[in-house]
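Here is the structure we will look at.
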Amino acid sequence: MDKKTVRDVDVSGKKVIVRCDFNVPIDDGGNITDDTRISASLPTIRYLCEGGAKVILMSHLGRPKGKVDDKYSLSPVAKRLGELLGTDVLMADDVIGEDAAKKASELAEEQIMLLENVRFHKEETENDPGFAKKLADMADIYVNDAFGAAHRAHASTAGIAKHLPAVAGFLIEKELKALGQALENPARPFTAVLGGAKVSSKIGVISNLLDRVDNLLIGGGMAYTFFKAKGLNVGKSLLEVDHIQTAVKALEDAKQKGVNLVLPSDVVVATAFNNDAKHHTVDAEGIPEQYMGLDIGDKTIGAFRDIILGSATVVWNGPMGAFEMPNFAKGTREVAEAMARCGGATIVGGGDSAAAVKRMGYADSMTHVSTGGGASLELLEGKELPGIAALMNK
(Lines give C-alpha, C1' and ligand atoms only; values in the text may rest on other atoms or scores of the structure.)
Protein backbone atom coordinates (compact mmCIF):
# COMPACT_ATOMS: atom_id res chain seq x y z
CA MET A 1 0.00 0.00 0.00
CA ASP A 2 2.95 2.33 0.61
CA LYS A 3 3.47 3.66 -2.92
CA LYS A 4 5.28 6.73 -4.20
CA THR A 5 2.97 9.58 -5.20
CA VAL A 6 3.24 12.66 -7.41
CA ARG A 7 4.78 14.43 -4.39
CA ASP A 8 7.82 12.12 -4.63
CA VAL A 9 8.86 13.10 -8.18
CA ASP A 10 9.98 16.36 -9.78
CA VAL A 11 7.47 17.14 -12.54
CA SER A 12 8.73 20.58 -13.56
CA GLY A 13 9.05 20.78 -17.35
CA LYS A 14 8.33 17.04 -17.64
CA LYS A 15 5.69 15.38 -19.75
CA VAL A 16 3.48 13.49 -17.34
CA ILE A 17 0.97 10.92 -18.63
CA VAL A 18 -1.90 10.31 -16.21
CA ARG A 19 -4.34 7.38 -16.27
CA CYS A 20 -7.66 8.79 -15.06
CA ASP A 21 -11.04 7.13 -14.68
CA PHE A 22 -13.32 9.22 -16.89
CA ASN A 23 -15.78 6.36 -17.44
CA VAL A 24 -18.78 8.63 -16.86
CA PRO A 25 -22.44 8.28 -17.92
CA ILE A 26 -23.25 10.24 -21.10
CA ASP A 27 -26.80 10.65 -22.43
CA ASP A 28 -27.89 10.44 -26.10
CA GLY A 29 -27.34 14.18 -26.48
CA GLY A 30 -23.67 13.85 -25.51
CA ASN A 31 -24.22 15.37 -22.05
CA ILE A 32 -22.40 14.00 -19.01
CA THR A 33 -25.05 13.17 -16.41
CA ASP A 34 -22.66 12.58 -13.46
CA ASP A 35 -19.19 14.16 -13.40
CA THR A 36 -18.11 12.76 -10.00
CA ARG A 37 -15.20 10.82 -11.51
CA ILE A 38 -13.98 13.86 -13.45
CA SER A 39 -14.09 16.01 -10.29
CA ALA A 40 -12.18 13.29 -8.40
CA SER A 41 -9.21 13.71 -10.78
CA LEU A 42 -8.91 17.50 -10.39
CA PRO A 43 -6.54 17.65 -7.37
CA THR A 44 -3.88 15.57 -9.20
CA ILE A 45 -4.25 17.50 -12.48
CA ARG A 46 -4.07 20.87 -10.71
CA TYR A 47 -1.01 19.80 -8.71
CA LEU A 48 0.82 18.74 -11.88
CA CYS A 49 -0.02 21.99 -13.69
CA GLU A 50 1.07 24.09 -10.70
CA GLY A 51 4.33 22.12 -10.66
CA GLY A 52 5.05 23.09 -14.28
CA ALA A 53 4.26 19.73 -15.89
CA LYS A 54 3.04 19.14 -19.43
CA VAL A 55 0.01 16.97 -18.76
CA ILE A 56 -1.28 14.13 -20.95
CA LEU A 57 -4.45 12.43 -19.72
CA MET A 58 -5.85 9.07 -20.78
CA SER A 59 -8.92 7.03 -19.88
CA HIS A 60 -11.39 4.47 -21.12
CA LEU A 61 -15.11 5.09 -21.60
CA GLY A 62 -17.61 2.26 -21.89
CA ARG A 63 -16.83 -0.92 -23.82
CA PRO A 64 -16.13 -0.12 -27.48
CA LYS A 65 -14.43 -3.53 -27.79
CA GLY A 66 -11.31 -2.35 -29.59
CA LYS A 67 -13.12 -0.39 -32.30
CA VAL A 68 -13.39 3.36 -32.88
CA ASP A 69 -16.96 4.38 -32.01
CA ASP A 70 -18.02 8.04 -31.73
CA LYS A 71 -20.55 7.04 -29.07
CA TYR A 72 -17.61 6.35 -26.76
CA SER A 73 -15.50 9.39 -27.65
CA LEU A 74 -13.95 11.29 -24.74
CA SER A 75 -14.66 14.68 -26.39
CA PRO A 76 -17.50 15.53 -23.95
CA VAL A 77 -15.08 14.75 -21.09
CA ALA A 78 -12.45 17.16 -22.47
CA LYS A 79 -15.11 19.88 -22.63
CA ARG A 80 -16.39 19.26 -19.10
CA LEU A 81 -12.88 18.97 -17.68
CA GLY A 82 -11.97 22.32 -19.24
CA GLU A 83 -15.03 23.90 -17.61
CA LEU A 84 -14.14 22.49 -14.19
CA LEU A 85 -10.48 23.55 -14.46
CA GLY A 86 -11.20 26.91 -16.05
CA THR A 87 -8.74 26.25 -18.89
CA ASP A 88 -8.72 24.72 -22.37
CA VAL A 89 -8.09 20.99 -22.57
CA LEU A 90 -6.67 19.86 -25.92
CA MET A 91 -8.39 16.81 -27.37
CA ALA A 92 -6.31 14.37 -29.41
CA ASP A 93 -8.04 12.72 -32.38
CA ASP A 94 -6.43 9.37 -31.57
CA VAL A 95 -4.53 7.48 -28.84
CA ILE A 96 -1.08 6.57 -30.21
CA GLY A 97 -1.47 7.97 -33.72
CA GLU A 98 0.01 11.00 -35.48
CA ASP A 99 -2.31 13.57 -33.90
CA ALA A 100 -1.62 12.41 -30.33
CA ALA A 101 2.15 12.25 -30.93
CA LYS A 102 2.24 15.72 -32.56
CA LYS A 103 0.15 17.40 -29.85
CA ALA A 104 2.16 15.67 -27.11
CA SER A 105 5.44 16.89 -28.59
CA GLU A 106 4.16 20.47 -28.78
CA LEU A 107 2.69 20.68 -25.26
CA ALA A 108 3.78 23.66 -23.18
CA GLU A 109 4.19 23.66 -19.40
CA GLU A 110 0.82 23.69 -17.56
CA GLN A 111 -0.96 22.68 -20.76
CA ILE A 112 -3.34 19.70 -20.70
CA MET A 113 -4.20 17.20 -23.42
CA LEU A 114 -6.64 14.30 -23.33
CA LEU A 115 -6.03 11.25 -25.52
CA GLU A 116 -8.98 9.55 -27.20
CA ASN A 117 -10.53 6.45 -25.56
CA VAL A 118 -7.74 3.90 -24.90
CA ARG A 119 -10.22 1.07 -25.44
CA PHE A 120 -10.54 2.02 -29.11
CA HIS A 121 -7.48 -0.30 -29.31
CA LYS A 122 -7.98 -3.96 -28.39
CA GLU A 123 -4.32 -3.91 -27.31
CA GLU A 124 -5.35 -1.89 -24.24
CA THR A 125 -7.30 -4.67 -22.51
CA GLU A 126 -4.80 -7.27 -23.78
CA ASN A 127 -2.03 -5.34 -21.98
CA ASP A 128 -0.07 -5.43 -25.23
CA PRO A 129 3.60 -4.49 -24.57
CA GLY A 130 3.95 -2.60 -27.88
CA PHE A 131 0.86 -0.49 -27.19
CA ALA A 132 2.04 0.23 -23.63
CA LYS A 133 5.45 1.29 -24.98
CA LYS A 134 3.86 3.71 -27.48
CA LEU A 135 1.86 5.32 -24.67
CA ALA A 136 5.03 5.60 -22.58
CA ASP A 137 7.02 7.12 -25.46
CA MET A 138 4.90 10.29 -25.20
CA ALA A 139 5.99 11.06 -21.63
CA ASP A 140 8.70 11.14 -18.95
CA ILE A 141 6.63 10.12 -15.91
CA TYR A 142 3.53 7.95 -15.44
CA VAL A 143 0.84 8.69 -12.85
CA ASN A 144 -2.01 6.28 -12.12
CA ASP A 145 -5.04 8.02 -10.64
CA ALA A 146 -7.70 5.62 -11.96
CA PHE A 147 -8.66 3.62 -8.88
CA GLY A 148 -11.77 2.34 -10.66
CA ALA A 149 -9.53 0.56 -13.19
CA ALA A 150 -6.67 -0.40 -10.83
CA HIS A 151 -7.86 -4.01 -10.59
CA ARG A 152 -7.32 -4.44 -14.35
CA ALA A 153 -3.92 -5.42 -15.76
CA HIS A 154 -4.29 -3.28 -18.88
CA ALA A 155 -1.69 -1.44 -20.98
CA SER A 156 -2.62 1.97 -19.54
CA THR A 157 -2.78 0.76 -15.92
CA ALA A 158 0.02 -1.81 -15.58
CA GLY A 159 1.94 -2.25 -18.85
CA ILE A 160 3.03 1.40 -19.17
CA ALA A 161 4.57 1.31 -15.67
CA LYS A 162 7.34 -0.96 -16.98
CA HIS A 163 8.68 1.87 -19.15
CA LEU A 164 8.43 5.01 -16.96
CA PRO A 165 8.87 6.09 -13.33
CA ALA A 166 5.39 5.20 -12.04
CA VAL A 167 3.64 6.89 -9.10
CA ALA A 168 0.15 7.27 -7.65
CA GLY A 169 -2.08 10.32 -7.98
CA PHE A 170 -3.95 11.82 -5.04
CA LEU A 171 -7.16 9.87 -5.66
CA ILE A 172 -5.42 6.50 -5.53
CA GLU A 173 -3.47 7.68 -2.46
CA LYS A 174 -6.75 8.63 -0.76
CA GLU A 175 -8.44 5.32 -1.68
CA LEU A 176 -5.50 3.23 -0.43
CA LYS A 177 -5.30 5.22 2.78
CA ALA A 178 -9.01 4.89 3.59
CA LEU A 179 -9.45 1.22 2.66
CA GLY A 180 -5.93 0.24 3.77
CA GLN A 181 -6.36 1.81 7.21
CA ALA A 182 -9.70 0.06 7.68
CA LEU A 183 -8.24 -3.34 6.79
CA GLU A 184 -4.79 -3.10 8.37
CA ASN A 185 -5.28 -1.03 11.50
CA PRO A 186 -8.94 -0.24 12.17
CA ALA A 187 -10.23 1.58 15.24
CA ARG A 188 -12.51 -0.87 17.06
CA PRO A 189 -15.24 -2.04 17.17
CA PHE A 190 -14.84 -2.69 13.41
CA THR A 191 -18.09 -3.46 11.57
CA ALA A 192 -18.56 -4.57 7.97
CA VAL A 193 -21.96 -4.30 6.31
CA LEU A 194 -22.35 -6.54 3.26
CA GLY A 195 -25.30 -6.63 0.89
CA GLY A 196 -25.98 -6.96 -2.80
CA ALA A 197 -27.48 -9.78 -4.75
CA LYS A 198 -25.07 -12.67 -4.55
CA VAL A 199 -22.93 -14.53 -2.03
CA SER A 200 -20.78 -15.77 -4.93
CA SER A 201 -19.45 -12.26 -5.64
CA LYS A 202 -18.54 -11.74 -1.97
CA ILE A 203 -16.97 -15.10 -0.96
CA GLY A 204 -13.44 -13.65 -0.87
CA VAL A 205 -14.60 -10.54 0.96
CA ILE A 206 -16.41 -12.53 3.66
CA SER A 207 -13.43 -14.82 4.12
CA ASN A 208 -10.95 -11.91 4.42
CA LEU A 209 -13.18 -9.82 6.69
CA LEU A 210 -13.91 -12.66 9.13
CA ASP A 211 -10.24 -12.45 10.17
CA ARG A 212 -10.53 -8.70 10.80
CA VAL A 213 -13.97 -7.52 11.91
CA ASP A 214 -15.87 -7.58 15.19
CA ASN A 215 -19.30 -7.46 13.54
CA LEU A 216 -20.46 -8.64 10.11
CA LEU A 217 -23.96 -7.50 9.12
CA ILE A 218 -25.47 -9.25 6.11
CA GLY A 219 -28.44 -7.97 4.09
CA GLY A 220 -29.54 -7.81 0.47
CA GLY A 221 -30.26 -10.78 -1.79
CA MET A 222 -27.27 -12.69 -0.44
CA ALA A 223 -28.98 -13.01 2.96
CA TYR A 224 -31.43 -15.62 1.62
CA THR A 225 -28.65 -18.10 0.82
CA PHE A 226 -27.61 -17.72 4.48
CA PHE A 227 -31.24 -18.28 5.55
CA LYS A 228 -31.29 -21.51 3.52
CA ALA A 229 -27.98 -22.51 5.15
CA LYS A 230 -29.79 -22.26 8.50
CA GLY A 231 -32.64 -24.44 7.21
CA LEU A 232 -35.16 -21.62 6.71
CA ASN A 233 -37.70 -21.40 3.90
CA VAL A 234 -36.96 -18.53 1.49
CA GLY A 235 -40.02 -18.71 -0.80
CA LYS A 236 -39.22 -17.18 -4.21
CA SER A 237 -36.31 -15.11 -2.85
CA LEU A 238 -32.98 -14.97 -4.66
CA LEU A 239 -31.07 -18.14 -3.80
CA GLU A 240 -27.71 -19.48 -4.91
CA VAL A 241 -28.10 -23.20 -4.35
CA ASP A 242 -24.44 -23.79 -5.28
CA HIS A 243 -23.33 -21.54 -2.42
CA ILE A 244 -25.42 -22.81 0.49
CA GLN A 245 -22.34 -24.65 1.77
CA THR A 246 -20.30 -21.43 1.41
CA ALA A 247 -22.80 -19.75 3.72
CA VAL A 248 -22.71 -22.70 6.15
CA LYS A 249 -18.91 -22.43 6.32
CA ALA A 250 -19.05 -18.63 6.85
CA LEU A 251 -21.48 -19.09 9.76
CA GLU A 252 -19.20 -21.73 11.31
CA ASP A 253 -16.05 -19.61 10.77
CA ALA A 254 -17.69 -16.56 12.34
CA LYS A 255 -18.61 -18.60 15.42
CA GLN A 256 -15.12 -20.06 15.67
CA LYS A 257 -13.44 -16.65 15.29
CA GLY A 258 -15.77 -14.85 17.70
CA VAL A 259 -17.23 -12.58 15.04
CA ASN A 260 -20.77 -11.32 15.64
CA LEU A 261 -22.37 -12.29 12.27
CA VAL A 262 -25.86 -10.78 12.13
CA LEU A 263 -28.50 -11.85 9.62
CA PRO A 264 -31.86 -10.08 9.17
CA SER A 265 -34.46 -11.03 11.77
CA ASP A 266 -37.28 -9.72 9.58
CA VAL A 267 -37.65 -8.95 5.87
CA VAL A 268 -39.99 -7.10 3.52
CA VAL A 269 -41.50 -9.65 1.13
CA ALA A 270 -43.42 -9.09 -2.10
CA THR A 271 -45.32 -11.18 -4.63
CA ALA A 272 -43.08 -9.99 -7.51
CA PHE A 273 -39.93 -7.99 -8.29
CA ASN A 274 -41.95 -4.86 -8.88
CA ASN A 275 -42.37 -1.64 -6.90
CA ASP A 276 -46.17 -1.93 -7.02
CA ALA A 277 -46.27 -5.59 -5.99
CA LYS A 278 -48.22 -6.52 -2.88
CA HIS A 279 -45.75 -6.47 0.03
CA HIS A 280 -45.53 -6.73 3.82
CA THR A 281 -42.98 -7.50 6.56
CA VAL A 282 -42.49 -10.98 8.00
CA ASP A 283 -40.07 -12.61 10.45
CA ALA A 284 -37.11 -14.32 8.80
CA GLU A 285 -38.56 -17.71 9.81
CA GLY A 286 -41.88 -16.97 8.11
CA ILE A 287 -41.29 -16.15 4.44
CA PRO A 288 -44.41 -17.38 2.58
CA GLU A 289 -43.94 -19.81 -0.31
CA GLN A 290 -45.15 -17.43 -3.06
CA TYR A 291 -43.24 -14.36 -1.82
CA MET A 292 -39.70 -13.05 -2.31
CA GLY A 293 -37.61 -10.99 0.11
CA LEU A 294 -36.76 -7.53 -1.27
CA ASP A 295 -35.55 -5.54 1.76
CA ILE A 296 -34.65 -5.83 5.42
CA GLY A 297 -37.43 -5.12 7.94
CA ASP A 298 -37.71 -2.56 10.75
CA LYS A 299 -36.44 -4.87 13.52
CA THR A 300 -33.32 -5.61 11.45
CA ILE A 301 -32.87 -1.92 10.65
CA GLY A 302 -32.93 -1.16 14.39
CA ALA A 303 -30.38 -3.89 15.19
CA PHE A 304 -28.06 -2.85 12.35
CA ARG A 305 -28.38 0.83 13.35
CA ASP A 306 -27.38 0.14 16.97
CA ILE A 307 -24.28 -1.82 15.92
CA ILE A 308 -23.24 0.81 13.35
CA LEU A 309 -23.67 3.69 15.82
CA GLY A 310 -21.58 1.80 18.37
CA SER A 311 -18.71 1.19 15.92
CA ALA A 312 -15.43 3.06 15.49
CA THR A 313 -14.91 1.82 11.90
CA VAL A 314 -17.63 0.81 9.43
CA VAL A 315 -17.08 -0.50 5.90
CA TRP A 316 -20.15 -0.97 3.71
CA ASN A 317 -20.42 -2.76 0.37
CA GLY A 318 -23.73 -3.70 -1.24
CA PRO A 319 -27.32 -2.46 -0.77
CA MET A 320 -29.74 -3.99 1.73
CA GLY A 321 -32.49 -4.60 -0.81
CA ALA A 322 -33.89 -3.62 -4.20
CA PHE A 323 -33.12 0.04 -3.42
CA GLU A 324 -33.85 1.18 -6.98
CA MET A 325 -37.55 0.68 -6.14
CA PRO A 326 -38.89 3.19 -3.54
CA ASN A 327 -40.94 0.58 -1.66
CA PHE A 328 -37.81 -1.51 -1.02
CA ALA A 329 -35.24 1.24 -0.44
CA LYS A 330 -35.81 1.82 3.28
CA GLY A 331 -33.18 -0.64 4.55
CA THR A 332 -30.46 0.81 2.34
CA ARG A 333 -31.46 4.38 3.23
CA GLU A 334 -31.49 3.65 6.98
CA VAL A 335 -28.05 1.99 6.86
CA ALA A 336 -26.73 5.05 4.99
CA GLU A 337 -28.29 7.36 7.60
CA ALA A 338 -26.83 5.35 10.49
CA MET A 339 -23.39 5.56 8.90
CA ALA A 340 -23.82 9.30 8.38
CA ARG A 341 -24.59 9.64 12.12
CA CYS A 342 -21.79 7.31 13.23
CA GLY A 343 -18.94 9.11 14.98
CA GLY A 344 -16.33 6.67 13.68
CA ALA A 345 -14.66 6.22 10.29
CA THR A 346 -17.25 5.33 7.64
CA ILE A 347 -16.15 3.90 4.29
CA VAL A 348 -18.49 3.06 1.42
CA GLY A 349 -16.96 0.59 -1.02
CA GLY A 350 -18.07 1.84 -4.41
CA GLY A 351 -20.58 0.31 -6.82
CA ASP A 352 -24.27 0.26 -5.89
CA SER A 353 -23.62 1.36 -2.29
CA ALA A 354 -21.80 4.49 -3.50
CA ALA A 355 -24.59 5.21 -5.99
CA ALA A 356 -27.17 4.80 -3.21
CA VAL A 357 -25.48 7.15 -0.71
CA LYS A 358 -25.03 9.77 -3.43
CA ARG A 359 -28.63 9.49 -4.59
CA MET A 360 -29.91 9.64 -1.01
CA GLY A 361 -27.77 12.67 -0.12
CA TYR A 362 -25.47 11.06 2.48
CA ALA A 363 -22.18 10.97 0.52
CA ASP A 364 -20.76 14.14 2.12
CA SER A 365 -21.36 12.71 5.60
CA MET A 366 -19.13 9.67 5.00
CA THR A 367 -15.40 9.58 5.75
CA HIS A 368 -14.78 8.11 2.31
CA VAL A 369 -16.89 6.98 -0.65
CA SER A 370 -14.84 4.85 -3.02
CA THR A 371 -14.83 5.62 -6.75
CA GLY A 372 -14.14 1.99 -7.69
CA GLY A 373 -16.67 -0.79 -7.18
CA GLY A 374 -14.64 -3.72 -8.49
CA ALA A 375 -11.32 -2.36 -7.22
CA SER A 376 -12.61 -1.72 -3.70
CA LEU A 377 -14.17 -5.18 -3.62
CA GLU A 378 -10.85 -6.80 -4.57
CA LEU A 379 -9.03 -4.74 -1.91
CA LEU A 380 -11.57 -5.93 0.67
CA GLU A 381 -10.81 -9.47 -0.51
CA GLY A 382 -7.13 -8.86 0.25
CA LYS A 383 -6.15 -9.17 -3.41
CA GLU A 384 -3.26 -7.30 -5.00
CA LEU A 385 -4.43 -4.78 -7.59
CA PRO A 386 -2.23 -4.88 -10.75
CA GLY A 387 -2.51 -1.12 -11.33
CA ILE A 388 -1.26 -0.46 -7.79
CA ALA A 389 1.36 -3.21 -7.69
CA ALA A 390 3.00 -1.72 -10.81
CA LEU A 391 3.77 1.59 -9.05
CA MET A 392 7.07 2.36 -7.31
CA ASN A 393 7.29 1.65 -3.59
CA LYS A 394 8.33 4.42 -1.21
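The values are calculated or read from the model by the stated rules, or taken from the named source; none is laboratory data. Predicted model only: the values in this text are computed from it and were never measured. We place every Cβ from the backbone using ideal geometry, glycine too, and count neighbours over all the protein chains shown.
From VAL118, VAL77, which residue is buried (at least 22 other Cβ atoms within 10 Å of the Cβ), more than 19 Å from GLY159 (Cβ to Cβ), β-branched (Val, Ile, Thr) and in contact (Cβ under 8 Å) with a residue 12 or more places away in the chain?
Details: VAL118 fails: more than 19 Å from GLY159 (Cβ to Cβ).
None of the others qualify; the one that does is VAL77.
Name the pairs whose Cβ atoms lie under 7 Å apart, with the first residue in region 285-299 and under 10 Å from VAL234 (Cβ atoms), the second hydroxyl-bearing (Ser, Thr, Tyr), and 6 or more positions between them or separate chains?
Final answer for the pair search is ILE287/SER237; TYR291/THR271; MET292/SER237; GLY293/TYR224; GLY293/SER237.
Kindly indicate which of ALA53, ALA40 is surrounded by 19 or more Cβ atoms within 10 Å (Cβ to Cβ) and touching a strand residue (DSSP E or B) at 6+ places or on another chain (Cβ under 8 Å).
On the way: ALA40 fails: touching a strand residue (DSSP E or B) at 6+ places or on another chain (Cβ under 8 Å).
Residue meeting the stated conditions: ALA53.
Considering each of GLY231, GLY235, GLY220 in turn, give the residue that is free of Cβ contacts under 8 Å to residues at least 12 places away in the same chain, of a type outside the set (Asp, Glu) and not in a helix (DSSP H, G or I). Please lay out each step first, then the result.
Values: GLY235 fails: free of Cβ contacts under 8 Å to residues at least 12 places away in the same chain; GLY220 fails: free of Cβ contacts under 8 Å to residues at least 12 places away in the same chain.
Going through GLY231, GLY235, GLY220 in turn, just one is free of Cβ contacts under 8 Å to residues at least 12 places away in the same chain, of a type outside the set (Asp, Glu) and not in a helix (DSSP H, G or I): GLY231.
Can you name every residue in region 309-352 that is over 21 Å from the mean Cα position of the chain (by Cα) and aromatic (Phe, Trp, Tyr)?
Once the filter is applied, which keeps residues that are over 21 Å from the mean Cα position of the chain (by Cα) and aromatic (Phe, Trp, Tyr), region 309-352 yields only PHE328.
Can you give me the number of residues within region 98-114 that are surrounded by 14 or more Cβ atoms within 10 Å (Cβ to Cβ) and without any contact (Cβ under 8 Å) to a residue 24 or more places away in the chain?
Restricting attention to region 98-114, the residues satisfying the condition of being surrounded by 14 or more Cβ atoms within 10 Å (Cβ to Cβ) are 99-101, 103-104, 107, 109-114.
Now restrict to residues that are without any contact (Cβ under 8 Å) to a residue 24 or more places away in the chain: 99, 103.
Residues that pass the stated criteria total 2.
Across region 346-392, what is the number of residues that are farther than 13 Å from ALA146 by Cα, touching a helix residue (DSSP H, G or I) at 6+ places or on another chain (Cβ under 6 Å) and not aliphatic (A, V, I, L, M)?
The qualifying residues number 9.
Could you tell me which residue of region 200-217 is nearest to ASP306 (Cα to Cα), considering only residues that are of a type in the set (A, V, I, L, M, F, W, C) and in a loop (DSSP other than H, G, I, E, B)? Spell out how you get there, then give the answer.
The initial filter retains those residues of region 200-217 that are of a type in the set (A, V, I, L, M, F, W, C), namely 203, 205-206, 209-210, 213, 216-217.
Now restrict to residues that are in a loop (DSSP other than H, G, I, E, B): 210, 213.
Details: LEU210: 20, VAL213: 16 Å.
Only one residue fits best here, namely VAL213.
Return the residue satisfying two criteria in turn: it lies in region 2-17 and is in a loop (DSSP other than H, G, I, E, B) and not polar (S, T, N, Q), and of such residues it is farthest from ALA136 (Cα to Cα).
Of all residues in region 2-17, those in a loop (DSSP other than H, G, I, E, B) come to 2, 4, 9-14.
Then drop every residue that is not not polar (S, T, N, Q), which leaves 2, 4, 9-11, 13-14.
On the way: ASP2: 24, LYS4: 18, VAL9: 17, ASP10: 17, VAL11: 15, GLY13: 17, LYS14: 13 Å.
Among those residues, the one meeting the criterion is ASP2.
Would you pick out the residues in region 125-163 that are closer than 24 Å to SER105 by Cβ and in a helix (DSSP H, G or I)?
PRO129, GLY130, PHE131, ALA132, LYS133, LYS134, LEU135, ALA136, GLY159, ILE160, ALA161, LYS162
Give the residue that is farthest from the chain's Cα centre (by Cα), with candidates limited to residues of region 358-374 that are crowded, with 19+ Cβ neighbours inside 10 Å and either charged (D, E, K, R) or modelled with pLDDT of 95 or more (or both).
Checked region 358-374; the qualifying residue farthest from the chain's Cα centre (by Cα) is TYR362.
Which members of region 85-124 meet the condition of being within 29 Å of the chain's Cα centre (by Cα), of a type in the set (A, V, I, L, M) and assigned to a loop (DSSP other than H, G, I, E, B)?
ALA92, VAL95, ILE96, LEU115 - these are the residues of region 85-124 that are within 29 Å of the chain's Cα centre (by Cα), of a type in the set (A, V, I, L, M) and assigned to a loop (DSSP other than H, G, I, E, B).
Quick one: would you say GLN245 is polar (S, T, N, Q), outside any helix (DSSP H, G or I) and over 27 Å from the mean Cα position of the chain (by Cα)?
On the way: polar (S, T, N, Q): yes; outside any helix (DSSP H, G or I): no; over 27 Å from the mean Cα position of the chain (by Cα): yes.
So GLN245 does not fit the description; no.
Taking LEU42 as meeting all but one of (1) of a type outside the set (Ser, Thr, Tyr); (2) assigned to a helix (DSSP H, G or I); (3) more than 16 Å from LYS174 (Cβ to Cβ), write down the number of the exception.
Here LEU42 clears every test but (3).
Please pick out the residue among ALA345, ALA355, ALA338, ALA390 that is more than 18 Å from ALA223 (Cα to Cα) and free of Cβ contacts under 8 Å to residues at least 12 places away in the same chain. Please lay out each step first, then the result.
Values: ALA345 fails: free of Cβ contacts under 8 Å to residues at least 12 places away in the same chain; ALA338 fails: free of Cβ contacts under 8 Å to residues at least 12 places away in the same chain; ALA390 fails: free of Cβ contacts under 8 Å to residues at least 12 places away in the same chain.
Exactly one residue qualifies, and that residue is ALA355.
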